[in-house]
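The values are calculated or read from the model by the stated rules, or taken from the named source; none is laboratory data. Since we're looking at a predicted model, the values are computed, not measured. Because the Cβ atoms are built from the backbone with ideal geometry, glycine has one as well, and the counts that use them run over all protein chains shown. Heavy atoms of the whole protein, side chains included, go into the accessibility calculation; ligands, DNA and RNA do not. Shrake-Rupley method; radii C 1.70, N 1.55, O 1.52, S 1.80 Å.
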Protein chains: 4
Amino acid sequence: MFFASDNTSPTHPDIMAAVVRANEGYPRSYGADPIMDRVRSQIRDLFDAPEAAVYLVATGTAANALAVAIHAQPWTAVFCHENAHIAVDECGAPEFFSGAKLALVPGAHGKITPETLTAALGKTGASGVHGVQRGMLSLTNVTEAGTVYSPAEIARLTAPAKDYDLPCHLDGARFANALIAANATPAEMTWKAGIDVVSFGGTKNGCMGVEAVVLFDPARAWEFELRRKRSGHLFSKHRYLSAQMEAYLQDGLWLRLAAHANAMGQRLHQNLARIPGATLRHPVDANILFPTFPSGTNAKAEAAGAVYYNWTTPDGQDAARFVTSWSTTEADTDALLHALTP
Amino acid sequence: MFFASDNTSPTHPDIMAAVVRANEGYPRSYGADPIMDRVRSQIRDLFDAPEAAVYLVATGTAANALAVAIHAQPWTAVFCHENAHIAVDECGAPEFFSGAKLALVPGAHGKITPETLTAALGKTGASGVHGVQRGMLSLTNVTEAGTVYSPAEIARLTAPAKDYDLPCHLDGARFANALIAANATPAEMTWKAGIDVVSFGGTKNGCMGVEAVVLFDPARAWEFELRRKRSGHLFSKHRYLSAQMEAYLQDGLWLRLAAHANAMGQRLHQNLARIPGATLRHPVDANILFPTFPSGTNAKAEAAGAVYYNWTTPDGQDAARFVTSWSTTEADTDALLHALTP
Amino acid sequence: MFFASDNTSPTHPDIMAAVVRANEGYPRSYGADPIMDRVRSQIRDLFDAPEAAVYLVATGTAANALAVAIHAQPWTAVFCHENAHIAVDECGAPEFFSGAKLALVPGAHGKITPETLTAALGKTGASGVHGVQRGMLSLTNVTEAGTVYSPAEIARLTAPAKDYDLPCHLDGARFANALIAANATPAEMTWKAGIDVVSFGGTKNGCMGVEAVVLFDPARAWEFELRRKRSGHLFSKHRYLSAQMEAYLQDGLWLRLAAHANAMGQRLHQNLARIPGATLRHPVDANILFPTFPSGTNAKAEAAGAVYYNWTTPDGQDAARFVTSWSTTEADTDALLHALTP
Amino acid sequence: MFFASDNTSPTHPDIMAAVVRANEGYPRSYGADPIMDRVRSQIRDLFDAPEAAVYLVATGTAANALAVAIHAQPWTAVFCHENAHIAVDECGAPEFFSGAKLALVPGAHGKITPETLTAALGKTGASGVHGVQRGMLSLTNVTEAGTVYSPAEIARLTAPAKDYDLPCHLDGARFANALIAANATPAEMTWKAGIDVVSFGGTKNGCMGVEAVVLFDPARAWEFELRRKRSGHLFSKHRYLSAQMEAYLQDGLWLRLAAHANAMGQRLHQNLARIPGATLRHPVDANILFPTFPSGTNAKAEAAGAVYYNWTTPDGQDAARFVTSWSTTEADTDALLHALTP
C-alpha cells in the first residue's frame, strides 16, 4: 500500500534490462554514446520535431532549472502557478540556475487561467527599469493538484505569453500521464500548443532516474550543453541514462505505464465515493488524488500499513494525497480502500 | 584497446547486480532509503570517522562543486593546482556553485608544492577589502598528471592552509587508485592529513555513476543537503545510488578494482620502455600515463584500433594520455603496446 | 508643483555646503576619512548603539541589497510585504546580491500583519529540503503605501520572526519621516523593537545621495565590507558621502527636514477634503498620499503644471501619488490643490 | 606630499561648482535629467560615435563589472592582464556581476602582448563543453604598471580577440592620462582600435565620483540599464553625476587635468634620476611611477610627511608607488624628491 509518490516505485523490468544490456564495451562518454543517437531520433519522431535538440539529465529539478536558465534572463520573471514544483519543491533551483525570479500566478486546482496570467503579465515590467521584466512562462502538466491541461487550455495560456514574445516551458515530470488523460499526442501537447521547451519525465513513470529536455528551437542548444556541464549534470557514463530512455520509449512502453497508473487513479477515485464522508479537493484527471476524510481515517489507514502524505485540515479533517504509479496493482488500491473504510 | 578514460569502462558486474537487486519494493525516496543507512556506516567505518556526514551524488563535478560551495564564501579564493579538474574540466561549476574564484597554483607533475602554495597564500588577501580573501584549499589525488600525493605530502600542504584556518578539500575522483599507490588508509589520506571534506569517487572505478561526499565535520551537513537539492543533485530514486556504493565498498571490491587498474598502468609503464623513442612526461604513480612518441606513432596506433587522447607537441612529437581501469586486461595492454611499436 | 517623489528634490543647502567644505586636502580614501569616523560616532549616539557597525553607500537599493545579502542565505526566503521596495522597485537586486528568494506577504495599506506574517512563516520550510528555508524579515517604514509602523507594531512583527531566530531588517529609506510620524527615537524604532539592521536613508530627505547601513550586531561587519566592495559600492572619494551624512545629522537637521515634509503631507491631506469627490486609498501617516479623484482631474492638474505619478483606476477614476519633501513649500501645496480643484 | 593615489585628490573647483549649480529645481530622477542629455551628446561627439549608448555610474568597479556583465556569458572567460584592476582590486566584482571567470594573461610592465594573448586564447575552450569558452577581452589603459598602450598596440590585441568574435573592453579609469601620453583621440584609442565598450574614468582625474560607460554598439543598452538598476548603481538624484561629467568634459578640462598630472609624473621621473640608487621598475608613461630605492629611503620620506604605497622588495630594497594627479603641484614633487634624497 505505497501511495506516497510515483517516485518510490521501482524501475520497470524492461528498463532495468536495458541498463544491464548497456553494460558492455567502451562507448564514448559524456553523451556521445550510440544509444543517445537513437534516443534523439526516437524523441524527434515522437514529437514530430525533426530539428529538436534533445538532452538527458537524471533529475526533474535539473531538467526544469536548466530549461528555465536558457530562457529567462536574470532580470526577468518566470510566470508559473503559485504551487508549481519549480516554485515550491526545488529549493530555489530555477532561481539559482537562471538568476531570474518567479512570479507566482494563482488559480484553482493547480491551474493558471488566462485571466490570472494576463493580470500577472500586465503587472510585471510596467515600471520600466525599476522592476524585473517579463521573462518566460512555465506550465506544469500533470499539475501539482493532479489536474490536467488539455492542449487547447495550454494554447490559451501560451497565447498571452507569446504576445510578449515569451518562451514557454512545460514541466512534464508526468508528461505521459497528462497525454493519456488528455488523449493528445506529444506534438499537440507541446509545440503545436505554443510550448518551446519541455521537461519530459521518465523517473516517475518507471525509469530509474532520467528526464529528457527537448528544445523545439535548437538555437540555445550549445548554451544548454554548457549549462548542463557547469551544473554537474553531464554524466560521464551517459549510456546508462540513454539506455533507460530508449527502453522507456520502445514500443510505447511509456504510454502503457502511464495508462495503467491513470487507470489505478480512476479506480481509487471511483471507489472513494463509497467511503462515508470522503470528498475530493481537486478533480482527478490522472494519477494523483487529494481526498479528505473524517478525522481518524489517516490514523486507521496508517496502522493498516498504508503509506501516503497526510495532514490535518484547519477544520480538523484528515487530508491525504494518493499517487498511483505504473506498479500500483488493483489489489493495492483495494487494500488502501479497505484501510480507509471505517 | 580503450584507454581514453576510466569513465568509458563498464560497470562492474557485482555493482550492476546490486542495482538490479535494489529494484524491488517501495523504499523511501530522496536519500532516506535503508541502503543509504548502510552506506553511511560503511563509509564512516572505512574512514574511521564515526561523526562524518556522508552524501551521494551522481557526478564528480557535482561532488566537487558542492564540497567547494559549502566551504568557500563568494568573496574568497579556492587554492588549487592550475591544471586541477575543478579549474579546467568543470566549465566553471565550482565558481557557479560557490561564487568564489579559483587561485591557480603552479607545480610540476600536477602537484602543488608547499612553496608554490605558500606564495599563493601570501599574495592573496594582502590588500584588504580590495582583493578576495583566502577561502580554502583543494587538492586532487590522483592528480591530473597521474601522480599521487602521499599522506605526508598532503599534510605538508594542508599545514600552511590551516595556518589561515582554511578548510581543505580532496578531489578523490580516483581516491582508490591513490590509496593503492600510496599504500595508505582512507583516514591517513584524509582527515589525519588535514583534509576536511573529500569527494570519494566511484564512477571511474567500476560504478555506474556515484560519488560520495564525506564531511568529517558535520557542521555544514544541512547546508550541503540544501545545496544538493537546490542544484538538482538530490535523486528521488536514491536507492540506485546507494546500491552502487554499497556493492562498491563491499568486501574491499573498490580497492581490488583500483589495484588492478594501477597494476595495468604499471604493466604499460614497464613495457613502454621497450618502444624506441618513447618517453614519459610525468611519473606513473597510478593508472594514468603521459608518454611521448616519435611522430607517426599515434596515427599507427589509431589505425590499429587504439582509442586514447592524443595530440602533437609543439616540437612535433606525438603525445598521448593512457588511462587504465578496473576492466583493462593484460591482453589490452599488450595489444596497445603492439600497436605503438614501430 | 513637483510631487513625483522626494528624490527629485534638491540637496539641502547645509548639506551641499558640507560637501563643498570637504573638498580640500588629501584624506584617506575608501572610507578611512576622518569625517567618517565622526559619522560613525554620530550614528552610534543617535541609535544608542555604541557597538554598531556603520557603513555608507550612495543608493537605497545598494543599502537594502547589501543588508539582505549579509543575513539571508541563498537557500532561504526573505519575508517582506508584497509591495515592498525590495520586491517591486529594485529589479531583483536583493535576489542578485543574496541568492535568496522573496516570500511576499500580503497586508492592507502596505503593512504586514502578525497574522499574514505568521501564516507565511508557517508555510515556508515545512517540506524539509525541498523548499527554501526561513531566512529573514524585511520591513519598510514609511511603507510604500505611505503608512507608518509604530515601534510596537514593529515589535509585534519581529517577535514571530525571532521565534525562528530570523534576523530583521528595516528599510528606512524614509526613516526620518517614520520617526516623526511615530514620535519615536531611532533606538525605539529599531533594535529595541527587534530590528538587527537598518537602511538609514538620507537621499530622499535632503541629501545628494547617501544612505547608511547600521548593523546593531557587528559580527557580519567584515562580510559587509567585502560585499560592498565586491558590488562596486565602496567609494574611493568617500569623504563626499561622509560629509553629506555628517551635515544631515548635525543639530537634528534630518528630523527637521522630515518634520517639514510630513507637515506638508498633512497640509495636503487636510485640504484634499475640500476637493469634491476626492478620496484617499491609504491613511496619510507621513509624506506620501494616494488620493483618487473624479475623472479628468489629473489631466487638468497636469495642464496646470503639476508633476506626479498618476494613472486611471479600473473603474475609471483618476488615481495619484503625491510625495512631499523637505523642499515642498506651503505655496506648492496650495498650487497643487488649486490645480486639482474643479 | 600626497602620492598614494589620484583618488585621494580633491574635486576640481569647476566640477564642484557645477555640482552646486545643479542643486536647484526638480529635474527628473534616475538619469532622465536634462544635464544627462547634454552629457550624452558631449561624449558621442568626443568619441565621434553618434550612436553610442552612454551611462554614468559612481565607481570604477561598477563601470567595469557592468561592462563585463553585458558582454561575458557565465560560462566564458574574460581575458585580462594578470595584474589588471578587474583581476586583483575589485574583490571579484566582475565575476559577481557576470558569472564569468577571468583568464589571467601574463606580460611585462602590465601589458598583455599579442603572443601571451594568443596563447591564452588558444588554450581556452579547446576541450569542448568541459572548459569555459572564450568570452571577451579586457584591456586597461593606463595599465596598473603605469605604462600606456598606443592605439596601434591596442589594435594588435583586439585583432586576435576579434578572430574569435570576442567583444573588447577598455578599462579607462585613467583614460585621459592614456590619451595624453599616447597623443591620441578618444576614437583612435577605442572603437577605431577595436574596442567595443569603455569605462571612461572621471573620479581619479578631478571628479567627485563619476565614471561613464560608453557602448559603441547600443544593442545591449537596455540590458545595461537593467543590470545597473539591479546592482544598485542607478542614482535617483542622477543630476549630480551628470553635472560632474558635464563640467569635466567642458572646454577640454579633462584633458588639461590629465596633461598636468602626466607632466608632474614626468617631472618626478626626471628628478628621480638624481637620487643615488633610485631605479624604476616600469617605464613612466603617464602619472604613475614605481621606483626602487636603497633601504631606509621610505622610512625617511615617511618621517618627512610623504604619503605613498611602499613596501620592501624580496632583496631588501625599498619599493614605492607614486601617483600624481591634477592637483599635484611642482612644489609637491620637489618636496617629495627632497624627502627621498639621502
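Provide C:W326, C:W75, D:W222 ordered by accessible surface of protein heavy atoms (probe 1.4 Å), highest first.
Values: C:W326 40, C:W75 20, D:W222 115 Å².
In descending accessible area the options line up as D:W222, C:W326, C:W75.
With 24 Å as the limit on Cα-Cα distance, the pairs of A:K123/C:K204; B:K111/B:K229; C:K229/D:K101 that go past it are A:K123/C:K204; B:K111/B:K229. From its DSSP helices (H runs of at least four residues, each -39,500 (n - 2.57)), chain B gives a residue-normalised ellipticity at 222 nm of -11500 deg cm²/dmol. Packing around the peptides C:30-42, C:51-63, taken as the average count of other Cβ atoms within 10 Å per residue, puts them in this order, highest first: C:51-63, C:30-42. Distances between copies at D:E82, taken between label points 7 Å from Cα along the C-beta direction, are 0.6, 5.6, 5.6 nm in increasing order. As a fraction of the 1.4 Å probe accessible area of chain D, surface on carbon and sulfur atoms comes out at 53 percent. The alpha carbon centroids of the stretch D:1-23 and the stretch B:301-342 are separated by 67 Å.
What are the trypsin sites (Lys or Arg not before Pro) within the stretch A:260-342 that DSSP puts in a loop, where the Cβ has at most 12 other Cβ atoms within 10 Å?
Details: sites: A:R267, A:R274, A:R281, A:K300, A:R321; in loops: A:R274, A:R281.
Hits after loop and neighbour filter: A:R274.
Look at the stretch A:92-104: the mean tally of other chain Cβ atoms within 10 Å of its residues' Cβ atoms is 5.
Once you sort the root eigenvalues of the Cα gyration tensor of the stretch A:13-251 as a ≥ b ≥ c, which label holds: rounded (a/c under 1.5), prolate (a/b larger than b/c) or oblate (the other case)?
It is prolate, given that a/c is not under 1.5 and a/b is the larger ratio.
In nanometres and ascending order, the distances from the A:E51 label point to those of the other copies are 2.7, 5.9, 6.4 (point 7 Å from Cα along Cα→Cβ).
Could you give me D for the stretch D:157-196, from Stokes-Einstein at 25 °C and 0.890 mPa s, where the hydrodynamic radius is the Kirkwood radius over C-alpha pairs? Units µm² s⁻¹, please. Please report the intermediate quantities before stating the final value.
Working: Rh = 10.6 Å.
My calculation gives 231 µm²/s for D.
Roll a 1.4 Å probe over the protein chains and send me the accessible area per residue for the stretch A:13-251 in Å².
Details: 7230 Å² over 239 residues.
Using a 1.4 Å probe on heavy atoms only, each residue of the stretch A:13-251 averages 30 Å².
The mean number of Cβ atoms from other chains found within 10 Å of a Cβ in peptide B:121-127 is 1, as a whole number.
Sorting C:E24, C:E302, B:E82 on solvent-accessible area from highest to lowest, probe radius 1.4 Å, gives C:E24, C:E302, B:E82. With a ≥ b ≥ c the root eigenvalues of the C-alpha gyration tensor of the stretch C:254-340, is it rounded (a/c under 1.5), prolate (a/b larger than b/c) or oblate? It comes out prolate by the Cα gyration axes. The modelled label-to-label distance for the pair D:D45/C:A331, using points 7 Å beyond Cα in the direction of Cβ, is 3.5 nm. Using alpha carbon centroids, what distance separates the stretch D:25-103 and the stretch A:131-201, in Å? Comparing the Cα centres of the stretch D:25-103 and the stretch A:131-201, I get a distance of 39 Å.
For D:N183 and C:A303, what is the calculated FRET efficiency with R₀ set at 60 Å and r taken between the beta-carbons, to the nearest 0.05? Rounded to the nearest 0.05, the efficiency is 0.60.
Sorted from nearest, the other copies put their D:A155 label points 5.8, 6.2, 7.3 nm away, the label point being 7 Å from Cα in the direction of Cβ. Straight-distance candidates among the aspartates and glutamates for linking to B:K192, with alpha-carbon spacing under 17 Å and chain neighbours fewer than 8 residues away dropped: B:D45, B:D48, B:E51, B:E153, B:D163, B:D165, B:D171, B:D217.
Please give the FRET efficiency for C:T341 paired with C:W311, using the beta carbon to beta carbon distance and R0 = 22 Å, rounded to the nearest 0.05. Once rounded, the FRET efficiency stands at 0.60. Largest to smallest in accessible area, the residues A:T341, B:T292 fall in the order A:T341, B:T292 (1.4 Å probe, all protein chains included). Take each residue of peptide C:23-35, count the partner chain Cβ atoms within 10 Å of its Cβ, and average: the result is 4. Seen through its C-alpha gyration tensor, with square-root eigenvalues sorted a ≥ b ≥ c, the protein assembly as shown comes out oblate because a/c lies at 1.5 or above while a/b is not bigger than b/c. Run the numbers on the stretch B:39-63: which residues show a drop of 30 Å² or more in accessible area, chain on its own versus all protein chains together, using a 1.4 Å probe over heavy atoms? Going by heavy-atom accessible area, the residues of the stretch B:39-63 that drop by at least 30 Å² are B:T59, B:T61. Chains D and C together bury roughly 4000 Å² of accessible area, counting both sides, with a 1.4 Å probe on protein heavy atoms only. For the rotation carrying B onto C, the chain B residue whose Cβ lies nearest the axis, with the distance in whole Å, reads B:G99, 4.
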